[in-house]
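A.B. asks: Below: one structure in structure tokens.
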Amino acid sequence: MTLPDYLPVLIQILLAVGMGAGILVASHIFGQKARHSKIKDSPYECGLASEVGGETRYSVKFYITAMLFILFDIDVVFLIPWVLTHRDLVAAGIPILGPMMFFTFILAIGLIYELKSGALKWEK
């Protein structure tokens, strides 16, 4: 291997380091200059002062819904590679349909349980 073989990797590394340094420098130059002000120690979003205090309490339903979203999102991450390689696995003689149907069946049972137990209902 010679240097021209590694040139694209070197360029990508230099671009990544340059972008990181550039963002830090731009943030330092153009960032909010609140050294000893009330804004520095208060929560804000997008540079605007928050209208509510930082002690807002969230319902447990919010966390349950977030955990269920993450759970099913991870399950989809497991299903996408299976869908993309299913034809190759069948051609190689690997029986993959049964285990994946079992996996999907367990997911469906979990979703039905969540719906029946009311985990996804939002009460006001």
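Read-outs throughout are calculated quantities, based only on the coordinates presented, and are distinct from any laboratory measurement. Being a predicted model, the structure only gives us computed values, none of them experimental. Cβ atoms come from the backbone with ideal geometry, glycine included; neighbour counts cover every protein chain shown.
A.B. asks: Pop a pseudo-label 7 angstrom from the Cα along the beta-carbon direction at both residue 29 and residue 62 and give the gap in nm to one decimal.
C.D. replies: 3.8
A.B. asks: Compute the Cα gyration tensor for the range 60-117, then decide on rounded, prolate or oblate, letting a ≥ b ≥ c be the square roots of its eigenvalues: rounded whenever a/c is under 1.5, prolate when a/b is larger than b/c in the other cases, and oblate in all that remain.
C.D. replies: oblate
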